[in-house]
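J.: Attaching a single structure in structure tokens format; questions to follow.
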Amino acid sequence: MKNVRVRIAPSPTGYPHIGTIYQAMFDFVFAKKYGGKFIVRIEDTDRNRFVEKAEEIIFNSLDWFGLKSDENPKIGGPYAPYRQSERLDIYKKYAFELVEKGHAYYCFCTKERLEKMRGDQETKKLPPMYDKTCLNLNKDQVEENLKNNIPYVIRMKVPENRKVVVLDTLAGEIGFNSSQIDHQVILKSDGFPTYHLAVVVDDYLMKVTHVFRGKEWLPSTPKHILLYEFLGWEDSIPTFIHLPVILNADGKGKLSKRLKTASVDYYKNMGFLPEAILNYLANIVWNHPEGKEIYPLMDLGLAFHEDPFRVDVTSSGPRFDLTKLEWMNGEYLRKMDDESLSKRLMEFLGSKYEGEVVKKLVPLTKERIKKFADFIPLTSFIFEEPKYDMEVLNKVKIESPKEILEEVIKTLDSLGKPWKVDAFEKTFRQLAEKLEIKVGDFFQLFRFAISGKLVTPPLFESIQILGEKETIDRIKKLVVISNRIGGETNG
Ligand code: GLU
């Protein structure tokens with residue numbers, strides 16, 4: 001395959017949806033496999049939905065996932081500008097060319113008129129479509145309106161009763177009856193194009209060869225096909241691959257934008273690994289030929305077949321299941337060596353965490369975390385003094401914790417320093433026996449004393465990290481607290 005050029009065309013309307021990444025992943029792998037170019041074009045023509053910092057966030061997200069583009073508004077490229085708001089003259093030129101050729105027309109309908117029309121259609125249960133009022137304006141009327149500065153939009157003129165064929169790589173050939181295609185606005189009254197005109201003009205001028213995008217765009221594609229024809233570009237219609245839309249975990253509906261888990265930001269904040277997310281996204285739509293679940297991103301290239309062109313993805317709705325993604329992320333973490341894991345974890349935690357301590361904790365926590373955020377509650381007692389909740393202590397089945405803890409302190413004091421924690425297990429089992437309490441309960445009390453919790457990484461290794469003084473201080477503190485509480489209850 002030669003001169004492959006693919007693009008994503010995100011709109012800067014907020015945090016990028018995980019669906020944008022899913023799409024970008026296909027583009028990236030496809031371009032890499034065939035030595036092509038991956039373009040990011042910013043579709044910022046909808047000024048009502050424009051969000052100031054969104055473009056920057058899109059690029060940060062793509063960077064985070066390692067989905068590097070070859071041409072984009074930041075680095076430019078041979079078909080710059082790549083931001084649609086900087087290409088307005090180009091769209092205008094083609095919009096007027098379409099009017100000229102009789103494939104588009106001026107529409108002077110007011111907002112009020114259109115609203116009324118919509119309302120009537122709704123009552124009659126008709127599909128919302130422009131009623132073509134301005135299609136019949138004659139040249140003089142148009143000129144008169146233009147002279148009087150009456151605001152206008154430009155609409156595409158869709159021929160009646162024609163079959164418009166969309167060729168989709170996944171869905172095959174789909175025929176649309178042109179009479180059901182709306183006379184879509186292509187240029188708005190503010191001089192901005194709509195998506196439909198801009199996407200066709202840009203994909204053509206930027207020599208895009210393959211369009212990977214969500215299936216929700218399939219109904220728009222016949223409009224695009226018509227515009228390609230009207231502009232005389234039918235030989236340059238790209239190959240369409242309308243990818244199945246990612247659904248919620250229950251399979252009901254598209255992964256909602258409103259869910260926090262739809263936004264890339266959530267995964268960054270929770271400390272997921274971008275490579276695990278991409279692997280997961282590939283998995284929900286594609287089966288690896290070797291039956292693998294975990295594989296490097298470029299294996300997804302095996303989904304593309306050249307002659308005849310085919311993309312092996314499931315057409316049914318892939319479900320986004322956070323629990324499975326967490327599982328996969330955990331698998332990635334466990335596969336990493338401690339050194340790399342510590343490095344990545346430190347990047348997540350930031351400089352307020354001491355690197356050496358984190359490093360020591362990694363082997364102790366690796367099996368117990370699914371994402372980096374899990375590390376924080378699991379190890380917080382190492383970095384800050386525990387808060388003792390006596391209700392938690394009450395769950396430990398030991399009648400007089402204070403006396404037992406005092407025995408622990410005595411034993412610890414008697415041990416030679418530095419402590420050899422390897423021997424702790426034996427020493428403290430013996431102590432539990434001597435005190436005639438169950439070993440399990442005893443260790444729970446010990447654990448609570450150093451951490452304020454009943455679940456922690458392995459006890460003695462944690463003690464080693466805490467150090468001798470801190471360990472004894474904490475146990476002493478708990479003795480004092482339980483004494484006080486004991487005193488209060490007795491009184
Ligand atoms: N701006 C559209 C989006 O936000 C692009 C659709 C397309 O790829 O053609 O998804």
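J.: Between Lys207 and Ala423, what's the calculated FRET efficiency when r is the beta-carbon distance and R0 is 60 Å? Round to 0.05. List each step's numbers first, then the result.
T.: Details: r = 71 Å, r/R0 = 1.19.
Calculated value: 0.25.
J.: Tell me what the chain gives for mean residue ellipticity at 222 nm when only DSSP H runs of n ≥ 4 count, each as -39,500 (n - 2.57), the sum divided by the residue total, rounded to 500 deg cm²/dmol.
T.: Working: 19 runs with 220 residues, N = 491.
Estimated from H runs of four or more residues: -14000 deg cm²/dmol.
J.: In sequence order, what are the phi-derived ³J(HN,Hα) couplings for the stretch 96-104 according to the Karplus relation 6.51 cos²θ - 1.76 cosθ + 1.60 with θ = phi - 60°, rounded to whole Hz, with x for glycine and proline?
T.: Calculated HN-Hα couplings, in order: 6, 4, 5, 5, 3, 7, x, 9, 8 Hz.
J.: Next question, about the same structure. Cα centroids of the stretch 412-432 and the stretch 148-213: how far apart, whole angstrom?
T.: 77 Å
J.: Let me ask another. Pairs of Cα atoms under 8 Å, at least six residues apart: use those to get the relative contact order of the chain, whole percent.
T.: On the way: 654 pairs, mean separation 59.7, N = 491.
After rounding, I find 12 percent.
J.: Here is a further query. Given R₀ = 30 Å, FRET efficiency for Ser85-Asn60 by Cβ-Cβ distance, to 0.05?
T.: Efficiency computed from Cβ-Cβ geometry: 0.90.
J.: When the Karplus curve 6.51 cos²θ - 1.76 cosθ + 1.60 is applied with θ = phi - 60°, which whole-Hz ³J(HN,Hα) does each residue of the stretch 354-362 get, with x for Gly and Pro?
T.: 3J(HN,Hα) across the stretch 354-362, in whole Hz: 7, x, 5, 5, 4, 4, 5, 7, 4.
J.: Then there's this: Would you pull out the residues with amide H under 5 Å of Leu243's amide H, same chain only if 5 or more places away, H placed 1.01 Å from N?
T.: It is Arg213, Gly214, Lys215, by chain and number.
J.: Hey, another quick one. Take every DSSP beta bridge whose two residues both sit in the chain, then give the antiparallel share in percent to the nearest 5.
T.: Working: 18 of 32 bridges.
Counting DSSP beta bridges with both partners in the chain, the antiparallel share is about 55 percent.
J.: Here's another thing I want to ask about it. Could you pull out every one of the lysines with an alpha carbon less than 28 Å from that of Lys438, ignoring same-chain neighbours closer than 8 positions?
T.: Correct list for Lys438: Lys387, Lys395, Lys397, Lys402, Lys410, Lys417, Lys420, Lys426, Lys453, Lys469, Lys476, Lys477.
J.: Using 0.36 nm times the number of residues separating Ile75 and Asn48, minus their current alpha carbon distance, what extension gain do you get? Write down the numbers at each step before the final one.
T.: Details: separation 27, 0.36 × 27 = 9.72 nm, distance 2.65 nm.
The span from Ile75 to Asn48 would gain 7.1 nm if fully extended.
J.: Which whole-number percent of Cα pairs in the stretch 296-360 have a distance greater than 14 Å? Each step should come with its number before you reach the end.
T.: Values: 1538 of 2080 pairs.
More than 14 Å apart: 74 percent of the Cα pairs in the stretch 296-360.
J.: Can you work out the base-10 log of I(q)/I(0) for the stretch 210-262 at q = 0.14, 0.17, 0.23, 0.32 1/Å, using the Debye formula on its C-alpha atoms alone?
T.: Here log10 of I(q) over I(0) equals -0.50, -0.64, -0.87, -1.20.
J.: Let me ask another. Evaluated at 25 °C with a viscosity of 0.890 mPa s, what Stokes-Einstein diffusion coefficient in µm²/s does the stretch 376-453 have when Rh comes from the Kirkwood expression over alpha-carbon pairs? Spell out each step's value before the answer.
T.: On the way: Rh = 13.4 Å.
Calculated translational D: 183 µm²/s.
J.: Further question on the same structure: In nm², what is the average projected area of the convex hull enclosing the Cα atoms of the chain? Present the calculation step by step, with values, prior to reporting the outcome.
T.: Details: hull surface 131.9 nm².
Answer in nm², one decimal: 33.0.
J.: Then there is this: Give, in nm to one decimal, the length gained when the segment between Asp168 and Tyr295 is fully stretched (0.36 nm per residue of separation minus the Cα-Cα distance).
T.: Working: separation 127, 0.36 × 127 = 45.72 nm, distance 2.79 nm.
Gain on extension, Asp168 to Tyr295, equals 42.9 nm.
J.: Something else about it: Treating each Cα of the stretch 135-179 as an identical point scatterer and ignoring solvent, apply the Debye formula and state log10 I(q)/I(0) at q = 0.13 Å⁻¹.
T.: Debye intensities relative to I(0), on a log10 scale: -0.52.
J.: In terms of the ratio Rg/(2.2 N^0.38 Å) built on C-alpha atoms, what value belongs to the stretch 391-432?
T.: Normalised Cα radius of gyration, the stretch 391-432: 1.33.
J.: Evaluate E = 1/(1 + (r/R0)^6) for Asp250 and Glu406, where r is the Cβ-Cβ distance and R0 equals 41 Å; express this FRET efficiency to the nearest 0.05. Spell out each step's value before the answer.
T.: Working: r = 54 Å, r/R0 = 1.32.
After rounding, the FRET efficiency stands at 0.15.
J.: Once label points are set 7 Å from the Cα along Cα→Cβ at both Lys438 and Lys139, what is their separation, rounded to one decimal in nm?
T.: Roughly 9.8 nm, to one decimal.
J.: Specify the angular offset, from 0 to 90 degrees and rounded to the nearest 10, of the alpha carbon long axis of helix 54-65 from the longest principal axis of the alpha carbons in the chain.
T.: Rounded to the nearest ten degrees, it is 60.
J.: Shifting gears a bit: When you count, for each residue, the other Cβ atoms within 10 Å and take the mean per peptide, how do 462-475, 122-135, 334-347, 21-34 rank with the highest first? Show your work: numbers first, answer last.
T.: Numbers: 462-475: 16.9, 122-135: 12.2, 334-347: 14.9, 21-34: 22.6.
For the peptides 462-475, 122-135, 334-347, 21-34, the packing ranking is 21-34, 462-475, 334-347, 122-135.
J.: So what is the orientation-averaged projected area of the stretch 29-182, using the convex hull of its C-alpha atoms, in nm²? Walk me through the intermediate numbers first.
T.: Details: hull surface 54.3 nm².
Reported value for the Cα convex hull: 13.6 nm².
J.: Between Rg and the Kirkwood Rh of the stretch 347-491, both from Cα atoms, what is the Rg to Rh ratio? Can you show the working numbers first?
T.: On the way: Rg = 15.7 Å, Rh = 16.1 Å.
Reported Rg/Rh (Cα atoms, Kirkwood Rh): 0.98.
J.: So what is the relative contact order for the stretch 278-424, in percent, with contacts set as C-alpha pairs under 8 Å and at least six apart?
T.: 16 percent
Every read-out reported here was derived from the displayed coordinates using simple, explicitly stated rules and does not represent laboratory data. If you're wondering where the values come from, they're calculated on a predicted model, not measured in any experiment. Neighbour counts are summed over all protein chains in view; Cβ atoms, including those assigned to glycine, are modelled from backbone coordinates with ideal geometry.
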